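Before any comments, here is the structure.
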DNA sequence: CTGAAAGCGCTTACAG
DNA sequence: CTGAAAGCGCTTACAG
């Protein structure tokens with residue numbers, strides 16, 4: 001049972017003052033090499049670690065950053081968090097996690113907590129409900145309290161904050177163009193999330209690339225309807241390729257293709273928005289849009305760090321867009 | 001731009017001492033109702049919130065709990081975290097998240113950090129590598145530093161700590177018996193995680209229930225091998241039911257059944273260890289073992305809280321097992 | 001080069 | 001009922 005040793009105790013053991021010990025351990029040039037060595041020696045022996053709470057109080061900071069996540073079961077956000085955690089370690093910041101469960105009410109509670117000084121800065125992806133109701137007062141109050149905020153992923157919101165987003169629109173613009181460039185004419189899109197921001201953007205990218213061609217859309221948040229619509233696209237319209245904006249529509253499309261004996265990729269190419277793990281695992285393996293969630297997390301932490309270190313111009317906010325990649329597996333083989 | 005007001009400033013405005021303000025805000029009986037009201041009034045007006053770092057320093061605590069997660073992309077752990085976060089809020093504790101990525105090295109680093117006083121207690125599921133190498137020194141050092149530890153999920157480890165686990169063995173024992181009770185004779189099991197603790201337990205439950213019957217096992221961590229073995233079980237051995245210990249084997253089994261025109265549930269019943277979201281979404285929907293991850297998280301936080309409040313007997317550790325439920329969807333319809 | 005002092009923002013015995 | 005003082009464990013001007 002080791003008990004934590006303090007600066008004061010260390011000082012007593014060494015017969016020097018607390019200030020000397022503190023300076024020695026912090027490599028202050030004021031201290032003689034000899035004393036410094038003595039101090040460090042004993043500190044090492046006792047495995048001394050400064051009490052972070054005391055250090056933070058002294059430095060008027062918390063040493064933590066608050067991360068607000070709408071839905072942790074979504075593996076995209078889970079990976080973003082992972083990137084944040086790794087990057088925060090580099091800056092010796094601890095990550096405090098808050099989960100809003102896509103609820104505006106919960107998000108308000110969280111922001112209220114955050115304004116009382118638990119964290120040095122906040123990384124947030126706003127909840128769906130918040131987006132829908134466009135109620136941003138609680139976010140502005142963070143800003144009012146001088147707490148730096150970085151908005152990540154769901155950046156379509158008018159807030160004086162730095163932002164890190166994913167290039168949703170271009171991902172499907174490029175994917176659609178890829179199919180066009182390979183000579184495909186009938187390119188369809190399936191979506192179970194056409195009503196939310198990222199869904200809209202992906203669809204927009206598809207439509208922008210396809211403005212001169214015919215569109216083939218299967219959109220519904222109701223599984224039964226979506227299934228019917230996708231089936232129609234595959235069997236009646238006989239689309240040659242299908243872009244799927246989300247996990248549900250992707251899995252459904254592959255399943256329907258299989259049931260209808262439409263071969264992937266021979267008769268139908270598919271690109272989905274699913275995670276690498278699932279994509280590689282399916283039969284055939286599924287080409288997917290890689291969003292680089294870890295990078296989103298890392299960049300968000302970096303931006304916050306720069307902001308905290310005053311490395312960014314005040315009142316001028318940065319917006320970073322992480323470019324997606326199209327990863328080709330079996331389902332897009334020509 | 002509101003700037004945070006301090007006790008001292010509040011005291012000056014009110015012409016009373018800092019102690020009086022502090023006591024008034026903490027509802028000390030020492031303070032006259034009149035003063036208390038005056039103080040609270042002004043505090044409300046300025047939206048005063050005590051600086052948590054200062055309060056924590058004074059109270060010799062951190063106000064945070066550290067959660068170590070092996071793999072946040074695993075939706076089980078994501079949900080556990082969600083439960084922890086919700087429960088921690090109730091106790092006004094902040095959750096600091098650390099992700100070990102199943103790496104012993106990383107886990108050691110994390111534990112090293114944690115011993116220097118960032119948190120009041122630790123909730124940990126040890127990494128796979130740690131389990132395999134059975135190197136637990138870093139965990140013992142947490143205990144040595146008097147940091148209460150609660151081990152969750154992967155509790156098969158000899159550490160003086162409270163534990164919250166899932167009843168992996170019984171889940172498959174019960175599931176197997178369910179099939180037996182319905183008169184099935186050829187009950188198989190597929191696993192891509194037969195080499196790790198939870199996989200072993202699930203298989204053990206299956207074997208215990210089936211001791212007098214023949215076993216039908218398909219185990220491999222290599223997709224190609226696993227696929228071959230599952231296919232053999234389904235087509236050659238013609239098992240009537242299949243228990244799958246993990247996501248990979250579950251998806252693979254349904255796929256193979258479909259390819260081989262083995263109908264689910266008519267010819268083959270399946271129970272898998274997959275999340276509700278995926279289970280309900282598949283065609284047909286898949287019966288699954290619900291592990292109640294949120295509850296695991298909640299109970300872990302509760303235990304830690306009790307331990308911190310000295311509500312648990314010292315040197316006597318609690319082990320809680322969360323009972324799983326078998327959720328019947330279409331794949332087990334008789 | 002070393003140390004006494006002030007202070008980060010609180011809480012809490014203790015004196016009056 | 002109120003306030004001065006000590007202290008949580010540090011850091012950092014400042015004096016010597």
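Between identical copies, the spacing of residue A:32 label points, each set 7 Å from Cα toward the C-beta atom, reads 5.9 nm from nearest to farthest.
Before anything else, pin down the relative contact order of chain B: Cα pairs under 8 Å, at least 6 apart, normalised by residue count, whole percent.
Numbers: 577 pairs, mean separation 56.0, N = 334.
The normalised contact order for chain B reaches 17 percent.
Pull up the DSSP beta bridges for the protein assembly as shown and report the antiparallel fraction as a percent, rounded to 5.
Working: 7 of 77 bridges.
Approximately 10 percent, going by the DSSP bridge assignments.
Shape class for the stretch A:1-84, computed from the alpha carbon gyration tensor (a ≥ b ≥ c): prolate, with a/c not under 1.5 and a/b above b/c. Highest mobility in the GNM of chain A, judged by mean-square fluctuation with C-alpha springs under 10 Å and restricted to A:217, A:42, A:189, is found for A:42. Beta bridges from DSSP with both residues in chain B: antiparallel share about 10 percent, rounded to the nearest 5.
Starting from the label point of residue B:12 at 7 Å along Cα→Cβ, the same points in the other copies fall at 3.6 nm, in ascending order. Here is the size of the stretch B:69-143 from its Cα atoms: Rg then Dmax, 12.6, 37 Å.
Using a cutoff of 8 angstrom between alpha carbon atoms and counting only pairs six or more residues apart, the relative contact order for the stretch A:7-50 works out to 32 percent. Mean-square fluctuation check for chain A, GNM, Cα pairs under 10 Å: which of A:146, A:162, A:212 is largest? Residue with maximal mean-square fluctuation among A:146, A:162, A:212: A:212. Relative contact order (percent) for the stretch A:49-154, with alpha-carbon contacts under 8 angstrom and 6 or more residues of separation? It comes to 31 percent, rounded to a whole number. With a Cα-only, solvent-free Debye model of chain A, what are the log10 I(q)/I(0) values at q = 0.07, 0.13, 0.15 Å⁻¹? Values, matching the q order: -0.41, -0.96, -1.14. The GNM of chain A, with springs linking C-alpha atoms under 10 angstrom apart, assigns the highest mean-square fluctuation among A:145, A:173, A:216 to A:145.
Here the Kirkwood formula puts the hydrodynamic radius of the stretch B:1-145 at 18.1 Å, using every distinct Cα pair. Three principal axis extents of the stretch A:7-50 based on alpha-carbon atoms, in descending order, are 23, 17, 17 Å.
Does the stretch B:163-219 classify as rounded, prolate or oblate by the C-alpha gyration tensor (a ≥ b ≥ c root eigenvalues; a/c under 1.5 gives rounded; else a/b over b/c gives prolate, otherwise oblate)? Oblate. Mean projected area of the convex hull spanned by the Cα atoms of the stretch B:114-154, taken over all viewing directions: 2.8 nm².
Would you mind classifying the stretch B:155-196 by shape? Square roots of the alpha carbon gyration tensor eigenvalues, ordered a ≥ b ≥ c; an a/c under 1.5 is rounded, otherwise it is prolate if a/b is larger than b/c and oblate if not.
Note, shape of the stretch B:155-196 comes out oblate.
Comparing Cα centroids, the stretch A:259-334 and the stretch B:143-190 end up 35 angstrom apart. How are the alpha carbon pair distances in the protein assembly as shown distributed across 10 Å bins from zero to the largest one, expressed in percent? Spelled out bin by bin, the protein assembly as shown gives 3, 13, 21, 23, 19, 11, 6, 3, 0 percent.
Across identical copies of the chain, residue A:92 has label-point separations of 2.9 nm, listed in ascending order, with the point defined 7 angstrom from Cα along Cα→Cβ.
Any read-out appearing in this document is the output of simple, stated calculations on the displayed coordinates, not a laboratory observation. What you are looking at is a predicted structure, and each value in this text was computed from that prediction instead of being measured. Neighbour counts run over all protein chains shown; Cβ positions are idealised from the backbone, glycine included.
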